Amino acid sequence: MLRRNRIDRMYDVYADERKFYRLDVMIEKDFSSRLQSGRPYSSREVMHEFGKWISGMGKDKDGICVAAYEMGVPIFVPAMCDSGLGFSLMFANRRRKRRIIVDHMRDVDESSKITEKSRRTAVIVVGGGVPKNFIQQTAVIASYQTRHDRTHDFAIQFTTDIPQWGGLSGSTFEEAQSWGKYNARSRMVQCFADATISLPIVTHALSQRFKRMRRHVPSFHWTTQNGGGLRIKYQSLRL
C-alpha cells in the first residue's frame, strides 16, 4: 500500500517519494552545474558546495548542511554513493554528460590531516556503520604519518547494536584500542540505547550543567596547494 501511494518508510518515519524525486531533479539539474566536470572532489568539498547552494536559497536555515557551511564545519560522507545525493550526481553524469568525480581517497587524506594537526581529538558516534571506522581510522593514519601517538583521547557512542555479532556498529572501543585508534589512557563510554532517546537526554544534561562557558573552537582553512593542505586556527567562542 505504501509503495502504491509512493510513500517511503524508515522505521516508523514516513516520507513522500514525490518530494524525494523533486530534490533528485534539483540536484541533477541545478546543483550539479556548480561542480566542475573532471575535477576530483572530496566529499567534504561537495558538501561545502551543497550547504552553500541550500543557504543561497534562503531556506532550511536550521538544517545541518547549512549550519555546517556557515560555521565552517567540514562534513565528510564516506558512503556518498549510497545516498540520494550520490545517485542524483550519477544521473547528472549519465543524462547531462557531466563528469563529476568524488575522490574518497581525498576524504581519507583530509580527515586524517585534521587528526594530525589537532591538539586533542574526540569521537562521538551516533549509530555506527561506515562513519564509525572512518573517523576512528584517522588516528591510525595520523600516527603512521607523524610517527607519534595520535590516538583519540575521548570517545562516546550511542547505539542499539551489541558486540556479540561481530559487526562494526556494535564493536567495543576496547577492540579499537588493539588497532591503535585509542590508547590505554583514552576515556571511552558506550551507551547501548536508542540514540533518539539517549542523545537528547545527554544534550539536555550538558546544557543544564554548563550554562555559559568560553571554548577554543577550531577554525578550518583548506587549501588546494601541493595536493591540498589544512591550517587549523583556534578561536574563542562563548556558548
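What follows is calculated from the coordinates using simple rules that are stated; it is not laboratory data. Keep in mind that what you see is a predicted model, and the values were worked out from it rather than measured. Neighbour counts are summed over all protein chains in view; Cβ atoms, including those assigned to glycine, are modelled from backbone coordinates with ideal geometry.
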Angle in degrees between helix 43-57 and the longest Cα principal axis of the chain, rounded to the nearest 10: 60
Per-q log10 I(q)/I(0), the stretch 107-212, q = 0.13, 0.14, 0.23 Å⁻¹ (Debye; single scatterer per alpha-carbon; no solvent): -0.50, -0.58, -1.22
Candidate aspartates and glutamates - alpha carbon under 17 Å from residue 233, same-chain residues fewer than 8 apart omitted: 70, 110, 116
Per-residue Cβ neighbour rank within 10 angstrom, fewest leading, 116, 17: 17, 116
Degrees between helix 104-117 axis and first principal axis of the chain (Cα, 0 to 90, nearest 10): 30
Candidate lysines - alpha carbon under 27 Å from residue 59, same-chain residues fewer than 8 apart omitted: 19, 29
Fraction of beta bridges assigned by DSSP in the chain that are antiparallel (%, nearest 5): 50
Per-residue HN-Hα couplings for the stretch 125-137 [Karplus 6.51, -1.76, 1.60; θ = phi - 60°; Hz; x = Gly/Pro]: 10, 10, x, x, x, 4, x, 4, 6, 4, 7, 5, 5
Residue 223-residue 49 pseudo-label distance in nm [points 7 Å out on the Cα-to-Cβ vector]: 2.3
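Quick one: order 123, 13, 202 by neighbouring beta-carbon count within 10 Å, fewest to most.
13, 202, 123
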Fewest-first sequence of 80, 105, 90 by Cβ atoms within 10 Å of each Cβ: 105, 90, 80
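Given R₀ = 25 Å, FRET efficiency for residue 184-residue 145 by Cβ-Cβ distance, to 0.05?
Values: r = 22 Å, r/R0 = 0.87.
Between residue 184 and residue 145 the formula returns 0.70.
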CD proxy at 222 nm, helix term only [per DSSP H run n ≥ 4: -39500 (n - 2.57); per residue of the chain; nearest 500]: -13000 deg cm²/dmol
Amide proton proximity set for residue 123, modelled H, under 5 Å, gap of 5+: 154, 155, 156
Selected from 138, 115, 160 as most flexible by GNM, with the chain as the system and alpha-carbon contacts under 10 Å: 160
Burial order of peptide ranges 40-51, 162-173 (average beta-carbon count within 10 Å, highest first): 40-51, 162-173
Scaled radius of gyration (Cα, divided by 2.2 N^0.38 Å) that the chain gives: 1.12
Length released on extending from residue 101 to residue 3, taking residue separation times 0.36 nm less the Cα-Cα span: 32.0 nm
Hz values of 3J(HN,Hα) by residue in the stretch 166-180 - Karplus curve (6.51, -1.76, 1.60), Gly and Pro given as x: x, x, 5, 4, x, 5, 7, 5, 4, 4, 5, 5, 5, 8, x
Protection proxy ranking of 19-26, 125-132, 177-184 - average other beta-carbon atoms within 10 Å, highest first: 125-132, 177-184, 19-26
